[in-house]
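J.: Please see the structure below; I have some questions.
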Amino acid sequence: MDRIIEPELMDDPEQGKAYALADFSGPNTQFLNLFADKFTDFVGGGKVLDLGCGPADILIRFVDRYPDCECIGIDGAEAMLAPGRKEIVRKNFDHCIHLRCQCLPVAKEGNTFKAIISNSLLHHLHHPRDLWQTINECADPGTAIMIMDLFRPESTARARAIVDTYAADESPVLQQDFYNSLLAAFRVSEVREQLAEAGLSLQCEKVSDRHLLVWGRREG
Ligand SMILES: C[S@@+](CC[C@H](N)C(=O)[O-])C[C@H]1O[C@@H](n2cnc3c(N)ncnc32)[C@H](O)[C@@H]1O
């Protein structure tokens, strides 16, 4: 099954609302657990960049787990950032989580990041090199890098079965987004080719029946 792209930005306010109301605690907790497993020596205390952060649930969980971090979340859709801005204020994290409405690729602007993370952004990109270029630009030697995304199933029937298994209770908007995302996602072999082309020596592996993980440290 070939990739079927979807719109890059989630800039429909209904989409933003549906996404913020949905329960992503499972995959988002898995994201944090995988980060802790892969980077056992990471203790926080530096700047963290989240690319395509959406409503910032992962950054909020990140700061809960690593309280000394200063986080920047970037997303091109204000509709997705808006619920995150409210939640950050509600949690009193506005001193340490800053959200910016900006599209990839982005430049470094003088920050030194201890970690660069991203969840569920890659499959949105029409040109995946926008992500790898941003990482090449923003990571310093030793920066911990972790990207999680869906991988494309072998058939539309398998994509439908995944939606039925994991999103049966979600709104129709969210179920359709999830299905479209599975069809737009990359395979592990495709991501490995992208990494090689970008000159990034990061690992890429499947970590669930629907997720792949790219991780490693930027070489010196
Ligand atoms: C599926 S959401 C994931 C949000 C968040 N990372 C999470 O795990 O909940 C993908 C996000 O990537 C953003 N996005 C897509 N293409 C982008 C681009 N070129 N630049 C910045 N953000 C982008 C979308 O607007 C959307 O908020």
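J.: If a residue must be surrounded by 15 or more Cβ atoms within 10 Å (Cβ to Cβ) and either over 17 Å from Ser208 (Cβ atoms) or touching a Pro at 6+ places or on another chain (Cβ under 8 Å) (or both), how many such residues does the stretch 162-175 contain?
T.: 6
J.: Let me spell it out: the conditions are (1) touching a strand residue (DSSP E or B) at 6+ places or on another chain (Cβ under 6 Å); (2) farther than 21 Å from Met10 by Cα, and Ala185 meets all of them except one. Which number is the exception?
T.: (2)
J.: Is the stretch 122-131 home to any residue that is of a type outside the set (Val, Ile, Thr), touching a helix residue (DSSP H, G or I) at 6+ places or on another chain (Cβ under 8 Å) and more than 26 Å from Phe35 (Cα to Cα)?
T.: No, the stretch 122-131 contains no residue that is of a type outside the set (Val, Ile, Thr), touching a helix residue (DSSP H, G or I) at 6+ places or on another chain (Cβ under 8 Å) and more than 26 Å from Phe35 (Cα to Cα).
J.: Does Met10 satisfy being in contact with a Gly (Cβ under 8 Å, 6 or more places away or on another chain) and assigned to a loop (DSSP other than H, G, I, E, B)?
T.: Spelling it out, Met10 is indeed in contact with a Gly (Cβ under 8 Å, 6 or more places away or on another chain) and assigned to a loop (DSSP other than H, G, I, E, B).
J.: Just to be sure before I move on: is Leu32 in contact (Cβ under 8 Å) with a residue 12 or more places away in the chain, under 19 Å from Leu212 (Cα atoms) and surrounded by 12 or more Cβ atoms within 10 Å (Cβ to Cβ) in the structure I sent? If you could, list the steps in order and put the result at the bottom.
T.: Details: in contact (Cβ under 8 Å) with a residue 12 or more places away in the chain: yes; under 19 Å from Leu212 (Cα atoms): yes; surrounded by 12 or more Cβ atoms within 10 Å (Cβ to Cβ): yes.
So Leu32 fits the description; yes.
J.: Of all residues in the stretch 31-60, which are in a helix (DSSP H, G or I) and within 11 Å of the ligand (Cβ to nearest atom)?
T.: Phe31, Asp57, Ile58, Leu59, Ile60
J.: Looking at (1) surrounded by 21 or more Cβ atoms within 10 Å (Cβ to Cβ); (2) within 12 Å of the ligand (Cβ to nearest atom); (3) farther than 16 Å from Leu131 by Cα, which is the only condition Ile97 fails?
T.: (2)
Bear in mind that the values in this text are calculations on the coordinates, not laboratory data. The structure displayed is predicted, hence computed values, not measured ones. As a convention, Cβ positions derive from the backbone with ideal geometry for all residues, glycine included, and neighbour counts pool all protein chains shown.
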